[in-house]
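Student: Have a look at the structure that comes next, please.
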Amino acid sequence: METPADARTISAIRDFNRLYTRQLGLLDRGFLGSKLTLTEARVLYELAQRTDVTASEIAALLNLDMGYLSRILAKFRRRGWLSRKASDVDARRQHLRLSPAGRAAFKPLDTGAKQQIAGMIAPMTPADRSSLVAAMHEVRRAVATPAAQPAVSLRGLQVGDIGWITHRQSILYAEEHRWDITYEALVAKILSEFVSEFDPKRDAAWIAQRGGAIIGSVFLVKVSKTVAKLRLLYVEPRARGSGTGRRLVQACIEGARARGYRKLELWTNDVLASARRIYQAEGFRLVRQEKHESFGKKLVGQFWELEL
């Protein structure tokens, strides 16, 4: 369900657009001092990254009108920058590639763009640069279509993950279930103990990442020599339905088997329906339920087990 954008959000995005167009000189008469427009320079860039690409593929990639793109390509051909070759599969399809002259025209633009960015970030500290790149990944994630989203990968725990996961889980459960700050205290306690008592032979963590941003996590914690516990599974709302939650649970199960555990336990609450469906699909069995009052709510806690 779409939520209407408020005026403040729209204004903030427009303000940022004005900032970066000015910062990168996108309003100048020619791109980076050349005689090319920004669109022409972008088409040249895409041609430089590919061999044997069609005009329709470039148009779809850049969301350009075919008539407008045809005029740009005709200009490039007149300058001797472009060559065409009929496809070996379908003679009606014309493959485009830059000529040596076209690559010579592209080189100073590419060098100039790199120098421009290098100069812009030169005064920044390494931490500021990392924060900038992370923020850009987040912007890309927010505006990209699902098909354009980068692939999800799983990795191990890194410095900064514990604080971030505590922060995100607390906010998500407050927003979605109105749980209070005592849930944040519980997450912080669990993860603090995970770090202080960590045994790499018995414990593990899996962090789901997409485009440099964390979108979920799960933890494997030792209970005894033969029993481990799956803890704190979560997936960001934007990644739900992508199979990320199931991948995390499967990684935890395989990790438990690899460490020689015979049983995997978990505790959850009945309101967390999506997580419960994953547990059921992966073979967990509900062994008991208990009513309790926690996190400012009346809940039904559930205990699940999986024989490994």
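Student: At 1.4 Å probe size, put Ile10, Ile214, Ile181 in order of accessible surface, largest to smallest.
Tutor: Ile181, Ile10, Ile214
Student: Moving on. Under a straight-distance cross-link criterion of Cα-Cα below 17 Å, which aspartates and glutamates are reachable from Lys35, leaving out those fewer than 8 residues away in the same chain?
Tutor: Within the straight-line limit of under 17 Å, Lys35 reaches these aspartates and glutamates: Asp110.
Student: With +1 on the Cβ of every Lys and Arg and -1 on the Cβ of every Asp and Glu, and nothing else charged, how large is the dipole of the chain about its Cα centre, in debye rounded to the nearest 20?
Tutor: My answer is approximately 1120 debye.
Student: Turning to a different aspect of this structure: When the Kirkwood hydrodynamic radius is evaluated over all pairs of different C-alpha atoms of the stretch 1-156, what value in angstrom, to one decimal, is obtained?
Tutor: Taking the inverse mean of 1/r over all distinct Cα pairs, the stretch 1-156 comes out at 18.6 Å.
Student: For the pair Glu307/Arg22, report the inter-label distance in nm, with labels modelled 7 Å from Cα in the Cβ direction.
Tutor: 6.9 nm
Student: Something else about it: At 0.36 nm per residue, minus the direct Cα-Cα distance, what do Leu132 and Leu62 gain on full extension? Give it in nm, one decimal, please.
Tutor: Gain on extension, Leu132 to Leu62, equals 22.7 nm.
Student: How far, in degrees from 0 to 90, does helix 38-48 lean away from the longest principal axis of the Cα atoms of the chain, to the nearest 10?
Tutor: For 38-48 against the chain, the angle is about 80 degrees.
Student: Per DSSP helix of 4 or more residues, -39500 (n - 2.57); summed, then divided by the residues of the chain. What does that give at 222 nm, rounded to the nearest 500?
Tutor: -15500 deg cm²/dmol
Student: Moving on. Of all chymotrypsin sites (Phe, Trp or Tyr not before Pro) in the stretch 172-271, which ones are in loop regions per DSSP and have a Cβ with at most 16 other Cβ atoms within 10 Å?
Tutor: Hits after loop and neighbour filter: Phe198.
Student: Filter Lys263/Lys298; Lys75/Lys114; Lys201/Lys297 down to the pairs with a C-alpha to C-alpha distance above 31 Å, please.
Tutor: Violating the 31 Å Cα-Cα cut-off are Lys201/Lys297.
Student: Mind sorting out which of (1) 214; (2) 123; (3) 181 is the real volume of the Cα convex hull per residue in Å³ computed from the coordinates?
Tutor: The value computed from this structure is option (1).
The values are calculated or read from the model by the stated rules, or taken from the named source; none is laboratory data. Not measured: the values here are computed from a predicted model. Note that we place each Cβ from the backbone using ideal geometry, even for glycine, and neighbour counts take in every protein chain shown. Ligands, DNA and RNA are excluded from the accessible area calculation, which covers all protein heavy atoms including side chains. Shrake-Rupley method; radii C 1.70, N 1.55, O 1.52, S 1.80 Å.
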